[in-house]
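Each remark here refers to the structure printed beneath this line.
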Amino acid sequence: MKDISTEQILDGIVNNNSFIIQYVYKQFFAIVRNYILNHGGREDDARDIFQDGIMAIYEQRKNKNLKIESGFGTYIYAVCRNKWLNLRRNSGKLVYNEMEDLSNEMEKKGLGNHFREVEELNFKEARARIYQKHFDTLSEECRKLLRMMAEGLSVKEIQLRFNYKSEGFAYKKRSICRSRLGKLIKQDKNYNTYEDY
């Protein structure tokens, strides 16, 4: 198989080009798989982490027009290794030194900024999962009301859609739903890990 440039790979990932995706798996999955298997993971973990790594790169390229100077293999390995270490850290199985070693290694290779971006993306994804998990447990009325707020509907519009008697009641209901969601999120055992990000 002929070599494909990093730019072609990044564009192929964003465009969901099946040839490029297959190429990425054939060329780079084995090294990620070996790392995860040698560091307490299973085959399924390796597949999940690799897929998450591709998705993180997709998001970075699509939203920030990611440029990679070091070569795609080095970058996807770093992204996947970072995701694996975060997963282990969050499950209580990671020794602090492993994460510190990865950070230092990425700095030496000139990938410090990419490492921090991936780290930030991982935290945002985890925070969003916590939010969504608890959002889904709210009543249907609260979910609809909070969605309408997020869409920018005014309190008056919300009052009319729910047939509330007054705007004051709509404010009160909004406050109750937000408070309930906030309480659920803060009670989540993983909340403190991600609250500062």
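Read-outs throughout are calculated quantities, based only on the coordinates presented, and are distinct from any laboratory measurement. Every value quoted in this text rests on a predicted model; they were computed, and no experiment measured them.
Rounded, prolate or oblate, given the Cα gyration tensor of the stretch 137-194, with a/c below 1.5 counting as rounded? Judged from the Cα gyration tensor, the stretch 137-194 comes out prolate (a/c at least 1.5, a/b above b/c). All C-alpha pair distances within the stretch 1-69, sorted into 10 Å bins from zero, spread as 20, 49, 28, 3 percent across the bins.
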